[in-house]
Amino acid sequence: MAIESDPIYIQGRSESETQRLILQALIYDANTRRFLQDAGLTTGMKVLDVGSGARDVAFLAARLVGPTGSVVGVDQNSEVLETARERARAARLAHVTFVEGDIRAADLPNDFDAAIGRLVLMYTTDPAQALKAAVNHVQPGGIVAFQEVEVPLLLQYAESVQMPVFREIVRCLVELFRHGGVPLSTGFGLHQVFLAAGLPAPTMSTYSPMGGPPEWPGYRGMVETMRSVLPLLEHFEITTAEKLDLDTLADGLLAEVESAGTPMAGATHVGAWARGRVSRCRERRQRQGPVAITPTIGTNGPTPCVIIRALCRADGHTGHPHGSGAESDSAARL
Ligand SMILES: C[S@@+](CC[C@H](N)C(=O)[O-])C[C@H]1O[C@@H](n2cnc3c(N)ncnc32)[C@H](O)[C@@H]1O
C-alpha cells in the first residue's frame, strides 16, 4: 500500500534491482553490522527490519541476535521478498521470516526489542510518520536504528575531483532523485525525523565507502545502480543508454581513478540510533511493582483509574497508565 505521494522507487522492481541490492550489501554491510552493534543489538533480541529488500540487513541482524533471537523483515515489494525467503532457506536461517506490507499499515506484533532499517525512510512521503509506525511495534525503551543516504556529500566530492565520468554519473543520480521526489538529504535529516517521531535525539555517524583497487565492488555497484535506474533516466531525458555505455562503465571509472590519482566514492550513509522513551509513569511502575488500589465503593469520589491518571499527569505523563487503547499505548511506547 504505497501512498500516492511517496517518492518514486527510482531503482524500479526488477531482477537486476534485486541483484543491485545484493551487490550494495557487499559494500555497506560491514559498516551496517558495526552500526547495529553500536546501537545495542545483541543475542536473544527480537528485531523488526523495515524495508528488508533482498534480506541483507535482516541477515546481519540475525547473526547478531543468534538462534535464541529472531528477525522479521517487512517489505512492500513481494518480488524482492521471494528472493529474501529463498536466500533465508538456502542459509538455513530459520529465525528470520519475512512479511509483505507497508510499515505504515502492516499487521505486526508490538513486542520487538528493536526496529532497524537501511535506505527505506527516504522512500516515504513522511519519514517521521513511517518511523513512528515502526516504533509502535517496539517495546518501551527498545532500540530504533536507521541508516539513510546523504547525497550532497557525494555530489560535493564528485565536483571536486578531475573525474568527468564519475561526475556525470553523480549528476544523473542527483537529477533523478529530484525528478522522482526522493529527498537528497534524508541522512542528516534523521536527527529531526527521530525528534518528530517522538524519540530522543539520536546518536549519529556517517560512512562513505571509497575505492581504489580494481577488485573494489563499488565500480560494479555503480554500474548496477545505473542499470536499475536507466529506464527512468531515459524517461526523464536525463541521459541515454548510449551515453552511459554500461558495458564499459566499470572499466571507464577505474581508468579515471588511475589517471586522476584519486579514489571513487560511494554514497554516504548516515546512521542514527536511539532508545525509545519509557514513560516516567511506566518506569515508576516497573520500579515499584503492582500498585495496590482499594476502590472506595459507595462514594462519589474518583475511580482508581482517574487517581492513577492524575498521578501520572503530576509526573508529566498524560497517557493511560495501563497502556490500553491505541493512543495511550503509542504514547507509552515512545
Ligand atoms: C533501497 S531498498 C533497501 C533494502 C535493504 N534495507 C538493504 O539495505 O539492502 C528499500 C526497500 O524498502 C522497501 N520499502 C520502501 N518503502 C516501504 C514501506 N513504506 N514499507 C515497507 N517497505 C518499504 C522497498 O520495497 C525496498 O525493498
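The table below gives the values:
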item	result
Ordering of 210-219, 109-118, 183-192 by burial proxy (mean other Cβ atoms within 10 Å per residue, highest first)	109-118, 183-192, 210-219
Placed amide H near Phe98: partners under 5 Å, 5+ positions off or other chain	Gly73
Viscosity 1.306 mPa s, temperature 10 °C, Stokes-Einstein D of the stretch 99-181 from Kirkwood C-alpha radius, µm²/s	105
Longest to shortest principal axis, alpha-carbon extents of the stretch 231-271, angstrom	33, 32, 14
From phi via Karplus (6.51, -1.76, 1.60), per-residue ³J(HN,Hα) for the stretch 31-41 in Hz, x at Gly/Pro	5, 4, 4, 4, 4, 5, 5, 4, 5, x, 5
Space enclosed by the convex hull of the alpha-carbon atoms of the stretch 15-275, per residue, Å³	121
The stretch 55-160 - Rg and Dmax from Cα coordinates, angstrom	15.2, 49
Packing rank of 74-80, 238-244, where each peptide gets the mean count of other beta carbons within 10 Å, highest leading	74-80, 238-244
Residue-wise HN-Hα coupling along the stretch 74-90, computed from phi with Karplus coefficients 6.51, -1.76, 1.60 (Hz; x: Gly, Pro)	10, 8, 8, 9, 5, 5, 5, 5, 4, 4, 4, 5, 4, 5, 5, 5, 4
Cα pair count fraction exceeding 26 Å, expressed as % - the stretch 1-126	15
Amide hydrogen neighbours beyond the local backbone of Thr268, cut-off 5 Å, H modeled	Glu150, Leu154
Surface/4 of the Cα convex hull for the stretch 111-248, nm²	9.9
Estimated vicinal HN-Hα couplings, Hz - the stretch 43-48 in sequence order (Karplus 6.51, -1.76, 1.60; Gly, Pro = x)	3, x, 6, 10, 10, 9
For the stretch 174-241, radius of gyration divided by Kirkwood radius, i.e. Rg to Rh on alpha-carbons	1.10
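Every number here is computed from the coordinates shown, using simple stated rules; none is lab data. Given the structure is predicted, the values throughout are model-derived calculations rather than measurements. In this analysis, Cβ positions are derived from the backbone assuming ideal geometry, glycine residues included, and neighbour counts consider all displayed protein chains.
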